[in-house]
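All remarks here apply to the structure that follows.
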Amino acid sequence: MAARNVAMREAIRRALREEMQRDEDVFVMGEEVAHWQGTHRVTRGFLEEFGERRVRDTPISEMAIGGAAVGAAMAGLRPVAEFMTINFAFLALDAIANHAAKVRYFFDGMFKVPLVYRAASGWGNQATASHSHAPEPIFAHFPGIYVGCPSNSLDAYGMLKTSIRDDNPVLFTESIALYPKPSPMPDDLDEDYLIPIGKGDIKREGADVTLVAYARGVDWALQAARLLARDGVEAEVVDLRWLRPLDMELVYKSFKKTNRCVIVEESLPMYSFGGEIAANLQERMFDYMDAPIKRVAAEDVPLPYSKDIELLALPDARKVVEAVKEIL
Amino acid sequence: MAARNVAMREAIRRALREEMQRDEDVFVMGEEVAHWQGTHRVTRGFLEEFGERRVRDTPISEMAIGGAAVGAAMAGLRPVAEFMTINFAFLALDAIANHAAKVRYFFDGMFKVPLVYRAASGWGNQATASHSHAPEPIFAHFPGIYVGCPSNSLDAYGMLKTSIRDDNPVLFTESIALYPKPSPMPDDLDEDYLIPIGKGDIKREGADVTLVAYARGVDWALQAARLLARDGVEAEVVDLRWLRPLDMELVYKSFKKTNRCVIVEESLPMYSFGGEIAANLQERMFDYMDAPIKRVAAEDVPLPYSKDIELLALPDARKVVEAVKEIL
Amino acid sequence: MASPSKEMLLDWYRQMALIREFEETCHRLYEEKRITGVYLHLYSGHEASGVGSMAALRKSDHVITAYRDHGIALILGMDPKAVMAEMMGKKTGSSGGKGGSMHLASKDHNFWGGYAIVGGHLPLAAGIALEARYRGKDDVTMTYVGDGATNNGYFHESLNMSAIWDLPVVWIIENNGYGMGTEVERASGQIELHRKAEAYGIKSFGRVDAQNALEVYAVALKAVAYAREKGPAVIEHVTYRYRGHGVSDKQYDARDDMSAELKEWVEKREPIKILRDCIKSKYGDVGDILARHEADAERIVAESVAFAEASEMPSTYEDLMRNTYVASELVYKTERSVGAGID
Amino acid sequence: MASPSKEMLLDWYRQMALIREFEETCHRLYEEKRITGVYLHLYSGHEASGVGSMAALRKSDHVITAYRDHGIALILGMDPKAVMAEMMGKKTGSSGGKGGSMHLASKDHNFWGGYAIVGGHLPLAAGIALEARYRGKDDVTMTYVGDGATNNGYFHESLNMSAIWDLPVVWIIENNGYGMGTEVERASGQIELHRKAEAYGIKSFGRVDAQNALEVYAVALKAVAYAREKGPAVIEHVTYRYRGHGVSDKQYDARDDMSAELKEWVEKREPIKILRDCIKSKYGDVGDILARHEADAERIVAESVAFAEASEMPSTYEDLMRNTYVASELVYKTERSVGAGID
Ligand SMILES: Cc1ncc(C[n+]2csc(CCOP(=O)(O)OP(=O)(O)O)c2C)c(N)n1
Ligand SMILES: Cc1ncc(C[n+]2csc(CCOP(=O)(O)OP(=O)(O)O)c2C)c(N)n1
Ligand SMILES: [Mg+2]
Ligand SMILES: [Mg+2]
């Protein structure tokens, strides 16, 4: 089928725009989303198309952004609230984990909270320690919200649409490094193309080792798979896509075939994605384990400014390959 | 040696009081720490003994509490800043993870940040969803800070003293359920009794299964061990005491003997303590694994008010015993 | 300024008597361990603050508050049975026993709930008001916030957001003198709390003696009208909490100065007495009606206790897990894949 | 009011010329990809704000700011070499290359740093000032904060804390009209930012034309004296950013209204020119000295670039990990155990 390469930024922009066209209740709020045209240009042209009512610049008030979205969603709107970067969402942890995720529960289902928090995530580009996080797993610790983290344009499109249409709160993170990355989108894409919440995806098939990843980690996994293929090792790449809920069944299925696994993530290593996946795997797939499960993540250090050591701290395909080789 | 049972609350109070007597730079700040005598009575009598200069009630301003402690510590004081409960520290995540933990790093060692954040943690007592967390692992995700979580009075005493004297920032959490719990403290306790940061402890020896826990989890593990002993199963209980850094060597040593492990924690189950420990164990102890490692944690749900279902959500000794039996 | 009719005043009396009876009963039930848990924040002493201000609302307006929410729920007409059952964590409770004392709400009454994190509900209020503005409705969101909460970042960011977006919120600061054990003067650099409105360019309607329902009502009418037409408004209600911060508050037992202060408020500024005196002075002998309201309050609350105690607790795993998420009804079209997109 | 001596004015000129040269050089180096990264927020246009206000400090006073920190660092006398090396992430940088443009600091100069999270440094300022109060010293903490940052919860909580604890902080709001692309009027309900002080009962020293270093100085002197003796003070500096928010800001290229606005500021309110005119009018022909300062600035900045480019980057794993923690020197007495304490 005919397809064209589209940058992930554009895929997200298209999904968001179409949803705003489709449903008058969907609106955008966040820092610099309107007049500045979006810090990451995702909302470029939105102000002109949808006006100030539906494209709302906010003050630098993350607590209020986080909480106002909850109130507006309870009252019947479908806010898409943007945190300029996920680092700033630390200031909204209470609004997200204690309000968005719990309002439905502690009123026993009286309200629904159909909101999406969008946040640019990840690091690189010398943004320095306080601006260099991919802490999705921390937010996914809390039940009551879903967490989606796409790795390519088509997924981003379908996942964001689902997130907006679903009646539950969703934290939707977008890897900054993937914004400009082109990947194919079919020309005749259906505007109702929706990717179910909690559904992972096999991004590459292989029988020798399973690489489990999400978002930018998928890129490193795919690059590593190509390097490994040169040595005759066929890696299967499982893109979980959602950190909550987790499509562990898909991982198990792959693991039953490969019996080996390396987990790849952009985040800091402790109390994170790798731990959760490895713990599930060894528990449920104990009899299939031919080797220990390995984790590749960022180094356990705040991120420095200087370019070389920043890169040193970052996971990459080479580190994934090394980890695979240790368990072959 | 002669020992007397002391409630953990009293042990903490004693440690804090002695440190304030010893070092004029140590002071306490937080909501209701002074006139109200501390929400959990840890600072009872402090205002009278040390005065308003060193025992400082704050407004309900968690961001400022978190950040002011950083500034004061950089400037040379040794603040012990209290979050009334750790739930409210969500509002200070940025101050804690992005400032306390990173200031030293991003100025390449120019400053040190000798502060302690104390926070009452845990749940039970129908405090409802937004007041019912034991999210220490989430905070321990971030490098640059230490995280200590004592399980009994003597540990609390020695760990808090170390935390105050150490030149790094420490998040020190105190299980609310353990405050009134008596446990033995020697009569002739040295005021310099310090427990090294990152040093775990064997709370019970046993050769059949390793139970890894911290804080309140240790209680459940010990209770489970006693139940198991009736059936002839001897559990070894490893109390990690610090979530960062982790004394994994101690766990490995135990596991080499038992070849089986159940991890017990009070926290929510996903992206948490159990995952981190299990992932490390299977990776480093693969050849010693006789069975999958199991995790016992709270149910994956916001905590409800109503008593019976709240208890249903909580881990307990019985759940630990069941998990152990699954892998024997 | 419309002055309240006889009928209204009598109804206010009914509401206030009901709240007082409900709260004092809760207190007793807690002492008797028939209500359990650690948090129970009573509205006794605050009655006129809620009753007088909410009388200025119309049915389609919205209300939201913090954990000191029983009185607000009753004023809005929530069934005392469901409220009492919630105190006891029963299935028949207004939040199915999941929320408890701090989390009452009723969608049918446009009551968006009580919230337990100090200040946490303030941006929610802004969001609820935004929905009205967004759809061109002129419904007002009346938002109660404690004096202590005004020192929190949530307060600042939410009020400012309401200002720049002209949101129809009436921010009512219930200044009862304390946040837990901390006097306003020790917690806030600005002790006239309504003057905080200046930081947001928000219209302030000043400070009101909130033990007097009529004064409260008079100012609320103006503020609500202003919010409906123009944008956010601030009012400071000066009031007092008769039962301390919550059931764990032992200050009033331990400190003579505080029990003396309480005594003074009760003797000189008791809101129910003030209203009673006002009604009597205006309308002569209405003692019968007032007595009937008091008797009704007793009966209603007693019935609510009986109802609550007879109700079941949620107890199953299903009860525990229910309503973490809402079931989604999306139709997922078949997914398609066009490859990994790396080459 | 002490008016600045000739010597002082000339030194201000030196500082401002140095900053401008430094910043414009940074800008060029960034375009040439000799400084890399995504963030670089220049102080061009703001010079008089920092120079005039910090002239009111004494050596033992403290300074802290946000990410727009190069100018502040240079005014305090940090070595331009170390600052430029930091821009390039070199080992010889003032933060060893770990912090970059947004995280300059110098303990020796009582400069507590630049910070990247909007408002994040404000409670740190309160904490630093608390140390002075705690020890009975009267050193002042001068704290710079942007107009946009005043809408953040950090601002509210920190200013309030400074008020109730009488902390010696001078809060200087550098109002350059924008937080990134958002005009003050669109972000803040109160557009006279100094009036936010009212919410904390903090003394406000009003709004100052911060393109005029002398006016800045005059007000700063008063505010510093006040803070030293009494407690916190607020000043609003009205200024402008010549290079937009940061290097990623393309508004001035894309929007005619903004480039026109910039042009107007440069033509009519250029801080260096204003100071030059003032010096000249007061002291006749000092053109030589000013020219020498300009030449010095060029030379110093050129040397700093050469130094920085010749320096090494941190590159090893050891470089990466160093200074996450400080080594602790505690002597641990032998641990003792008295059993698990359960029975
Ligand atoms: C963010 C946060 N910090 C602390 C608490 C603990 N707490 C609960 S109520 C309260 C006092 C609030 O006082 P105020 O706003 O005056 O309301 P009042 O109780 O007087 O009605 C505090 C400190 C909390 N629930 N949330
Ligand atoms: C908490 C937080 N939110 C958002 C950002 C992104 N951001 C960086 S600077 C800035 C604008 C700040 O404007 P202002 O305070 O006026 O300072 P100026 O840049 O004008 O000096 C924003 C939104 C951030 N760094 N931190
Ligand atoms: Mg109060
Ligand atoms: Mg600005």
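Per-structure values
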{"quantity": "Kyte-Doolittle at least 0.0, axis length at least 15 Å by Cα - qualifying DSSP helices, chain D", "calculated": "D:121-134, D:153-164, D:213-229, D:287-310"}
{"quantity": "Chain C: calculated mean residue ellipticity at 222 nm from DSSP helix runs of at least 4, using -39500 (n - 2.57)", "calculated": "-14000 deg cm²/dmol"}
{"quantity": "Rg over Rh [alpha-carbon atoms, Kirkwood Rh] for chain A", "calculated": "0.97"}
{"quantity": "Compactness index (Cα Rg / 2.2 N^0.38 Å), region A:3-186", "calculated": "0.95"}
{"quantity": "Residue among B:Ala140, B:Ala64, B:Ala15 with the largest mean-square fluctuation in a Gaussian network model of chain B, springs linking Cα atoms under 10 Å", "calculated": "B:Ala64"}
{"quantity": "Gain on full stretching of the segment that runs from B:Gln21 to B:Asp316 - 0.36 nm per residue minus C-alpha separation", "calculated": "102.3 nm"}
{"quantity": "Other protein chain Cβ atoms within 10 Å, averaged over every residue that makes up D:182-195", "calculated": "5"}
{"quantity": "Cα-based Rg of region B:94-182 normalised by 2.2 N^0.38 Å, two decimals", "calculated": "1.18"}
{"quantity": "Simple Cβ-charge dipole of chain D, Lys/Arg +1 and Asp/Glu -1, about Cα centre, in debye nearest 20", "calculated": "600 debye"}
{"quantity": "Value of relative contact order over region B:1-132, rounded to a whole percent, pairs C-alpha under 8 Å and six or more apart", "calculated": "23 percent"}
{"quantity": "Positive-end residue of D:Gln190, D:Tyr283, D:Thr65, charge dipole of region D:6-313 with Cβ unit charges", "calculated": "D:Thr65"}
{"quantity": "Inter-label distance for D:Ala310 and D:Ala327, nm, one decimal - labels placed 7 Å from Cα along Cα-to-Cβ", "calculated": "3.1 nm"}
{"quantity": "Inter-copy spacing of C:Asp257 label points, which lie 7 Å from Cα along Cα→Cβ, given in nm from shortest upward", "calculated": "5.6"}
{"quantity": "Shape of region C:214-295, Cα gyration tensor, a/c cut at 1.5", "calculated": "oblate"}
{"quantity": "Among beta bridges that DSSP assigns inside region C:6-313, antiparallel share in %, nearest 5", "calculated": "10 percent"}
{"quantity": "Value of Rg/Rh across the protein assembly as shown [Cα atoms, Kirkwood radius]", "calculated": "0.96"}
{"quantity": "Simple label model, 7 Å out from Cα along Cβ direction - C:Glu267 to D:Arg299, nm", "calculated": "8.3 nm"}
{"quantity": "Debye, to nearest 20: dipole size of the protein assembly as shown, +1 on Lys, Arg Cβ, -1 on Asp, Glu Cβ", "calculated": "320 debye"}
{"quantity": "Cα-projected label distance for C:Arg292 with D:Ala260, points at 7 Å along beta-carbon direction, nm", "calculated": "7.2 nm"}
{"quantity": "Calculated Rg and Dmax of region C:1-70 using C-alpha coordinates, Å", "calculated": "14.5, 47"}
{"quantity": "Among D:Gly127, D:Gly52, D:Gly231, residue whose mean-square fluctuation peaks in a GNM of chain D (springs only between Cα atoms under 10 Å)", "calculated": "D:Gly127"}
{"quantity": "Cα-based reach from D:Lys263 at 18 Å (exclusive), listing lysines while leaving out same-chain residues under 8 positions away", "calculated": "D:Lys250, D:Lys273"}
{"quantity": "Among D:Val224, D:Ala260, D:Ala213 the positive-end extreme of the charge dipole of region D:182-275 (Cβ point charges)", "calculated": "D:Val224"}
{"quantity": "DSSP-defined beta bridges in the protein assembly as shown - what % are antiparallel, rounded to 5", "calculated": "20 percent"}
{"quantity": "Order of C:Lys81, C:Lys33, D:Lys263 - criterion: other Cβ atoms within 10 Å of each residue's Cβ, fewest first", "calculated": "C:Lys33, D:Lys263, C:Lys81"}
{"quantity": "Relative contact order, percent, chain B [alpha-carbon distance under 8 Å, six or more residues apart]", "calculated": "17 percent"}
{"quantity": "Peptide-level mean, for A:283-292, of C-beta atoms on other protein chains within 10 Å", "calculated": "4"}
{"quantity": "Rounded to 5, percent antiparallel among DSSP beta bridges of region A:68-207", "calculated": "5 percent"}
{"quantity": "Extension gain from C:Lys230 to C:Lys250, taking 0.36 nm per residue of separation minus the Cα-Cα distance", "calculated": "2.8 nm"}
{"quantity": "Most to least packed among A:103-113, D:275-285, B:278-288 [average Cβ atoms within 10 Å]", "calculated": "A:103-113, B:278-288, D:275-285"}
{"quantity": "Extended-chain gain in nm, criterion 0.36 nm per residue less alpha-carbon gap, C:Arg34 and C:Glu318", "calculated": "99.7 nm"}
{"quantity": "Global geometry of region C:79-153, whether rounded, prolate or oblate, following the gyration tensor of its Cα atoms and the 1.5 cut on a/c", "calculated": "oblate"}
{"quantity": "Percent of alpha-carbon pairs separated by more than 28 Å within region D:6-313", "calculated": "35 percent"}
{"quantity": "Other protein chain Cβ atoms within 10 Å, averaged over every residue that makes up D:313-322", "calculated": "6"}
{"quantity": "Highest-MSF residue in chain D out of D:Val145, D:Val331, D:Val266 [GNM, Cα springs under 10 Å]", "calculated": "D:Val331"}
{"quantity": "Candidate lysines for bridging to D:Lys91, where Cα separation is under 28 Å - those fewer than 8 sequence places away on the same chain excluded", "calculated": "A:Lys307, A:Lys319, B:Lys102, B:Lys112, D:Lys33, D:Lys59, D:Lys81, D:Lys107"}
{"quantity": "Overall form of region D:1-159 per C-alpha gyration tensor (a/c, 1.5; a/b vs b/c)", "calculated": "oblate"}
{"quantity": "Relative contact order (%) - criterion: Cα under 8 Å, at least six apart; region: chain D", "calculated": "23 percent"}
{"quantity": "Cα gyration tensor of region B:201-327 - equivalent ellipsoid semi-axes, whole Å, descending", "calculated": "23, 17, 13"}
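Computed from the coordinates by the stated procedures, all read-outs in this text should not be read as laboratory data. Given the structure is predicted, the values throughout are model-derived calculations rather than measurements. All Cβ positions, even for glycine, are placed from backbone atoms using ideal geometry, and neighbour counts span all protein chains on display.
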